Amino acid sequence: MLIVQISDIHCGPMFNKGIFRNAIKEVNAMSPEAVVITGDLTENGIQSEFKQVAKELEQLRAEQVIYVSGNHDYRATGYLLFKQLFPFNQITEIGNTVIIVLSSARPDRDDGEVGNRQNLWLENTLKKYKNHTKIVAIHHHIVPVPDTGADQITIIDAGDVLRSLTKSRTDLVLCGHRHRPWKWQIEKMQVVHAGSISCEKLRGFFCNSYNVIEIEHERINAKLKIVGGGYVDFKELVKRREILQASDISQSKLMTQEP
Ligand SMILES: [Fe+2]
Ligand SMILES: [Fe+2]
């Protein structure tokens with residue numbers, strides 16, 4: 001099974017339309033079972049940006065498209081527009097895999113919060129799907145990400161959420177928000193952070209990218225895909241301390257060709 005995570009589209013002043021359209025063509029060619037869009041579809045949460053991103057996303061072909069809202073989408077009462085344009089599927093079952101969405105964006109706030117009620121719901125839902133491969137998607141990061149500057153604020157209740165996720169043996173968490181691809185392993189849980197697919201604002205890793213996740217016999221293999229370029233193994237990516245440019249990557253052994 002193939003799941004693609006795209007994130008932080010940021011339709012608005014820093015949106016690169018050419019890169020986005022290339023990425024969508026690449027994703028369509030993979031025929032993924034699901035595409036998870038982990039938030040910040042717009043820059044300012046305004047109507048023109050929502051209309052533009054909805055139009056661009058019409059080109060996306062996938063059996064399931066799962067939308068997660070981001071802090072930028074919730075600016076200027078954008079949460080009302082988000083609700084109108086994008087369906088909210090909090091639980092998606094595909095075969096023996098379940099994808100659960102957590103809402104962490106709050107109106108006109110950049111920090112994120114899951115909240116006690118949603119966290120209890122999460123624990124109960126994960127219990128119900130205990131025999132499934134369990135994926136949780138959330139916009140904000142639940143653990144800090146390197147190279148993202150002084151703003152290291154995770155969701156304000158990160159400790160509680162992490163406990164619920166690990167206790168319930170979540171297999172994979174997909175986060176966006178920081179525009180810096182990264183992967184942490186906490187106990188048996190992989191926490192995969194996406195870069196931005198089409199925003200010019202990047203941090204520490206200066207290529208637009210998205211994540212490709214293969215699930216086979218409950219084994220999860222997450223890889224980073226550079227838009228217009230090759231695949232990068234997260235294991236190799238996290239070993240490197242220095243800032244990466246596209247030219248560094250194409251000359252290094254980080255790049256792999258297979259999906
Ligand atoms: Fe973002
Ligand atoms: Fe964000």
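Things to note:
- Selection within region 139-155 - farther than 13 Å from residue 111 by Cβ and touching a residue at least 40 places away in the same chain (Cβ under 8 Å): 143, 145, 146, 147, 148, 149
Residues checked against (1) within 19 Å of residue 49 (Cβ to Cβ); (2) small (Gly, Ala, Ser); (3) at pLDDT 95 or above:
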residue	(1), (2), (3)
65	yes, no, yes
80	yes, no, yes
85	yes, no, yes
98	no, no, yes
105	yes, yes, yes
110	yes, no, no
119	no, no, yes
122	no, no, yes
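- Test: residue in region 147-156 that is away from ligand 1 (no atom under 16 Å from the Cβ), modelled with pLDDT under 95 and crowded, with 16+ Cβ neighbours inside 10 Å: yes
- Qualifying residue in region 123-135 (condition: outside any helix (DSSP H, G or I), more than 15 Å from the chain's Cα centre (by Cα), within 17 Å of residue 188 (Cα to Cα) and touching a residue at least 60 places away in the same chain (Cβ under 8 Å)): yes
- Being crowded, with 18+ Cβ neighbours inside 10 Å, in contact with a helix residue (DSSP H, G or I) (Cβ under 7 Å, 6 or more places away or on another chain) and without any contact (Cβ under 8 Å) to a residue 40 or more places away in the chain is not true of residue 40.
- Pairs, first within 7 Å of residue 11 (Cβ to Cβ) in region 43-58, second of a type in the set (A, V, I, L, M), C-beta under 7 Å, six or more apart: 43/14; 53/9; 53/41
- Screening residue 141 with (1) in contact with a Leu (Cβ under 7 Å, 6 or more places away or on another chain); (2) crowded, with 22+ Cβ neighbours inside 10 Å; (3) within 16 Å of residue 5 (Cβ to Cβ) gives one miss only, at (1).
Here's the yes/no breakdown for (1) within 19 Å of residue 225 (Cβ to Cβ); (2) among the small types (Gly, Ala, Ser):
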site: 26; (1), (2): yes, no
site: 31; (1), (2): yes, yes
site: 34; (1), (2): yes, yes
site: 38; (1), (2): yes, no
site: 52; (1), (2): no, no
site: 56; (1), (2): yes, no
site: 60; (1), (2): yes, no
site: 66; (1), (2): yes, no
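- Tally of residues being closer than 19 Å to residue 133 by Cα and within 14 Å of ligand 2 (Cβ to nearest atom) across region 176-226: 1
The values are calculated or read from the model by the stated rules, or taken from the named source; none is laboratory data. Keep in mind the model is a prediction, meaning the values are calculated, not measured. Every residue, glycine as well, gets a Cβ built from its backbone with ideal geometry; the counts of neighbours run over all protein chains shown.
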